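Notes follow the structure.
The values are calculated or read from the model by the stated rules, or taken from the named source; none is laboratory data. Owing to the predicted nature of the structure, the values given are computational and were not obtained by experimental measurement. A quick note on method: Cβ atoms are made from the backbone with ideal geometry, for glycine too, and the neighbour counts reach across all protein chains shown. Heavy atoms of the whole protein, side chains included, go into the accessibility calculation; ligands, DNA and RNA do not. Shrake-Rupley method; radii C 1.70, N 1.55, O 1.52, S 1.80 Å.
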Amino acid sequence: MTSTPSIVIAGLGAVSAAGWGVPALREGLRAHAPLSCVEGPRQRGRMRPVPKPDAPLAFMRHVRLRRCSPVTRYATAASLEAVGEERAAAIKEGEYQLGILFTFMNGCVNYSNRFYGEVLADPSLASPILFPETVFNAPASHLAAMLGSRATAFTLVGDSAQYLGAVELALSWLGGDGYDGVLVVGAEELDWLSTEAATLFQRNAVVSEGAGALLLEKNGEAAGHSVIERISPTLTYHRGRSRCQAMADLRTHLSPVDRSVCQDSLTPILGDAMGASLALQCVHACDLLEQRECQRINVLHAGGNQQAIGARFALTLGAARES
Amino acid sequence: MAFDASKGLPTGEPRRVAVTGAGIVTAHGLGWEANAEAFRRGQSSLSTISLFDTSKQRTSQGGEVTLPEVIDARQLTGRQRGRLDRASRLLMHAGYEAWDQAGWGEAERSLQPPIIMGTSAGGMALGEAYYRQACQEDRRRHRQATRVALYQPQSQVLHLCQALGVAGPIRIVSNACASGADAIGHAFHLIRHGLAEIAMAGGYDALCQLVFAGFDSLQALSTTIPRPFDAHRDGLALGEGAGVVMLESWERAQQRGATILGEVGGYGNATDIHHLTQPHPEGVAARASMEAACAEAGVGPAEIDYINAHGTGTPRNDVAEGAAIQCWAGSHVENVCVSSIKGGTGHLLGGAGSVEAVLCLMCLREQWLPPSLNVETPDAVCTFDLVRAPRDAKLTHVLTNSFGFGGSNATLVLRRAV
């Protein structure tokens with residue numbers, strides 16, 4: 001009843017408080033020092049925003065991205081890095097079927113806040129340009145349009161652990177014949193409301209933003225890539241299972257290996273990137289494998305109010321991907 | 001659900017998927033009976049919205065649900081019950097009905113079924129309240145943490161799970177107006193491909209000011225009466241509600257002697273990259289979605305007895321969907337019965353696809369067709385048989401379309417249980 005193809009991580013992409021691209025994330029985390037943070041706009045809460053890119057982003061010339069939210073910019077940059085130019089061209093030509101899975105915690109909050117502010121001021125003058133950009137699946141739609149992908153594009157929402165649920169869904173898509181690859185993107189953007197909201201739960205919270213992307217492909221010959229070995233069951237917080245209990249249970253599902261990437265591995269340096277945090281953990285873990293810093297690595301994550309989940313990635317034999 | 005590379009991805013013969021429970025809440029009322037009666041009668045339940053101020057909008061009509069004061073707590077604590085927002089209550093009414101109808105209990109709880117729900121706004125009304133207090137009384141933090149926690153879509157679904165004592169993995173699909181259909185389609189595939197034995201799926205959305213004002217800003221709301229597929233249609237009415245179905249493998253449903261309400265035969269989806277809010281005028285992705293669902297169900301246009309159209313009543317949607325149906329049906333188009341229920345309930349956004357899936361189950365079980373309301377002059381695109389008055393019909397396969405912002409297109413094919 002089952003086949004055993006390797007699920008290969010065929011591409012990685014990241015935008016984080018450490019900068020644009022996987023190398024920036026790698027260097028930022030290697031330094032082991034918290035990045036500088038700034039006060040929230042109303043002097044409540046602290047945040048580590050994504051720095052401005054060194055050069056204008058070429059993809060922003062695409063007609064659909066002209067007015068897009070920051071979260072779409074981050075997601076697009078991370079996705080293009082993960083997909084690479086060759087595949088991007090094949091997707092446009094219809095020669096590569098790409099599924100897109102997008103995960104969020106908060107969504108397009110900047111435009112939502114702006115639009116609702118206009119509604120409260122005078123709904124008859126609220127901008128029809130802003131409203132569509134507030135919808136949860138707007139970034140996935142923009143990304144699909146920019147890549148020219150007409151295959152399935154799903155947006156999943158939930159707490160920050162949702163990302164690995166999306167990876168699991170991607171695996172089920174890859175189990176069929178409809179997709180050459182599935183891009184799984186976790187992204188988030190900062191705004192004053194979510195910055196202040198974080199302080200309601202943790203006085204010294206430092207929130208952040210960005211995007212992480214993994215491109216998954218089904219590949220029988222996986223040499224030189226990282227592969228997914230295991231995804232734990234999703235441990236929903238319910239029936240007496242607390243967040244701590246869920247994390248303890250998670251460890252029983254993923255036996256110890258060379259190294260683990262937990263939230264504590266990234267958050268003190270980058271800040272809590274909310275819906276992007278687990279995606280960045282996964283990208284970092286796969287990057288460590290490809291940098292030959294370990295052979296096997298666990299990623300563990302406990303979301304804020306819904307679930308805990310983890311995964312084990314491993315490096316297969318062969319040359320590391322050219323970076 | 002979990003993944004182990006040593007065991008690989010499931011392959012092999014796809015399994016049949018039965019629907020053994022269904023729950024529905026719309027402006028027509030709570031539950032199967034109230035809704036079936038209203039749909040069958042061709043009733044409109046639109047009214048003036050009372051939940052928020054619409055005095056400065058171009059219209060104030062919508063499909064608002066009358067909710068009872070008290071909701072059955074089941075396994076919720078008193079504190080949890082006191083915190084339920086409107087979206088949670090809508091979902092719970094539908095979820096309870098579906099659960100009870102399926103007759104699920106401890107055996108099903110122990111399977112930790114996946115809960116796949118669709119929504120486009122979650123608990124947005126709480127998010128609005130948080131924003132208003134943060135802006136207007138920015139030093140007051142009273143109840144703000146609760147609002148932040150509960151406005152997130154996982155809260156409504158967690159409430160339902162807690163009330164029913166279910167601890168399975170939760171997946172929340174937010175593909176705009178296709179969310180509910182995509183959630184059911186996703187759950188259907190989990191069972192069909194052997195990744196789950198049972199699943200609970202559906203969608204919900206509650207009316208809220210931000211979304212209402214948003215549709216009004218786009219001039220998508222009708223300022224007269226919503227009349228999908230009428231040549232003079234001028235927009236939609238928003239509604240609220242929830243639809244939930246309980247899915248299980250056909251074998252399991254038969255073995256336990258469950259009443260099978262219908263079968264999910266196929267699911268298809270496609271992304272329309274034409275524009276963020278406007279469909280491709282020829283409905284290219286809509287057609288692809290319908291073709292994919294029919295291919296999976298192993299049927300063609302000649303076997304589809306009824307199409308529950310997305311049929312919002314906006315000028316662009318209906319003509320694109322009509323064009324897609326024409327193209328998909330080819331020479332059979334005159335024989336295909338089509339209608340939209342949105343003229344009577346309003347457009348339920350994230351709940352639309354699941355509510356309309358439940359409607360299709362009603363049609364299959366009771367052998368009738370609901371009408372498209374308020375149509376005086378059918379649009380020229382209606383070369384199909386537009387159902388304008390309630391009628392009895394012999395139905396074996398029905399198809400339901402859900403198309404959303406961002407180009408999310410989803411189609412389900414449902415089959416009469418035999």
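Observations on the model:
- Of all accessible heavy-atom area on the stretch B:331-370, the percent that carbon and sulfur account for (1.4 Å): 39
- DSSP-defined beta bridges in chain A - what % are antiparallel, rounded to 5: 65
- Taking every residue in A:170-177 and counting other chain Cβ atoms within 10 Å of its Cβ, the average works out to 4.
- Ranked order, B:Glu13, B:Glu356 - accessible area, probe 1.4 Å, largest first: B:Glu13, B:Glu356
- Only lysine pairs 8 or more places apart, or on different chains, with alpha-carbon atoms under 28 angstrom apart are counted in the protein assembly as shown, and they number 4.
- Accessible surface buried upon B-A contact (total; probe 1.4 Å; Å², nearest 100): 6300
- Cα lying deepest toward the dipole's positive end in the protein assembly as shown, options B:Ala176, B:Gly105, B:Val358, charges on Cβ: B:Gly105
- Of the GluC sites (Glu not before Pro) in the stretch B:61-140, those whose Cβ has at most 14 other Cβ within 10 Å and which sit in DSSP loop: B:Glu69, B:Glu137
- Accessible surface computed residue by residue for the stretch A:6-225, with neighbouring protein chains in place and a 1.4 Å probe, gives 36 Å² per residue.
- Computed from point charges on the beta carbon alone (+1 for Lys and Arg, -1 for Asp and Glu), the dipole magnitude for the stretch B:185-256 about its Cα centre is near 200 Debye.
- Max mean-square fluctuation residue, GNM over chain B, Cα-Cα springs under 10 Å, options B:Thr54, B:Thr146, B:Thr26: B:Thr146
- Gyration tensor verdict on chain B (Cα atoms; rounded if a/c is under 1.5, prolate if a/b is larger than b/c, oblate otherwise): oblate
- Residue-averaged beta-carbon neighbours from other chains (10 angstrom radius) around B:201-211: 2
- Under the convention that each Lys and Arg Cβ holds +1 and each Asp and Glu Cβ holds -1, the size of the dipole of chain A around its Cα centre is about 560 debye.
- Antiparallel DSSP beta bridges within chain B, percent to nearest 5: 65
- For the protein assembly as shown, size of Cβ-based charge dipole, Lys and Arg +1, Asp and Glu -1, in debye: 1660
- Count Lys and Arg as plus one, Asp and Glu as minus one, and take only other residues whose Cβ is under 13 Å from that of A:Arg150; the net charge is then -2.
- Share of carbon and sulfur in the accessible heavy-atom surface of chain A [1.4 Å probe, %]: 50
- Protein-protein interface of the stretch B:35-80, residues with accessible area decrease of at least 20 Å², isolated chain reference, 1.4 Å probe: B:Lys56, B:Gln57
- For the stretch B:281-295, the Karplus equation 6.51 cos²θ - 1.76 cosθ + 1.60, evaluated at θ = phi - 60°, returns couplings of x, 9, x, 4, 6, 4, 5, 4, 5, 5, 5, 5, 5, 5, 4 Hz by residue, with Gly and Pro reported as x.
- Relative contact order for chain B: 24 percent, from Cα pairs under 8 Å spaced at least 6 residues apart, divided by residue count.
- Near B:Gly350: Cβ cut-off under 13 Å, other residues only, Lys/Arg at +1 and Asp/Glu at -1. The net charge is -4.
- B:Val17 long-range amide H proximity, modeled H, under 5 Å: B:Trp250, B:Val264
- Annotation for the stretch A:205-281: trypsin sites (Lys or Arg not before Pro) lying in DSSP loop with at most 15 further Cβ atoms inside 10 Å of their Cβ are A:Arg239.
- Global form of the stretch A:191-292, assessed from the alpha-carbon gyration tensor, a/c cut-off 1.5: oblate
- Within 10 Å of each Cβ in B:397-408, the average number of Cβ atoms from other chains: 3
- Those residues of the stretch A:140-165 for which accessible area with every protein chain present is at least 50 Å² below the isolated value (1.4 Å probe): A:Arg150, A:Phe154, A:Val157
- Net charge of Cβ neighbours under 15 Å - reference B:Ala181; Lys, Arg +1; Asp, Glu -1: -4
- Every helix of 4 or more DSSP H residues in the protein assembly as shown counts as -39500 (n - 2.57), and over all residues that averages to -10500 deg cm²/dmol at 222 nm.
- Listed residues B:Ser331, B:Ser179, B:Ser60, most fluctuating in chain B (Gaussian network, C-alpha, under 10 Å): B:Ser331
- The stretch B:64-109: chymotrypsin sites (Phe, Trp or Tyr not before Pro) in DSSP loop, at most 16 other beta carbons within 10 Å: none
- Using θ = phi - 60° in the Karplus curve 6.51 cos²θ - 1.76 cosθ + 1.60, the 3J(HN,Hα) couplings for the stretch B:347-361 round to 8, 8, 6, x, x, 4, x, 7, 4, 6, 5, 5, 4, 4, 4 Hz; x is entered for Gly and Pro.
- Of A:Pro233, A:Pro123, A:Pro49, the one that fluctuates the most in a GNM where chain A has Cα springs shorter than 10 Å: A:Pro123
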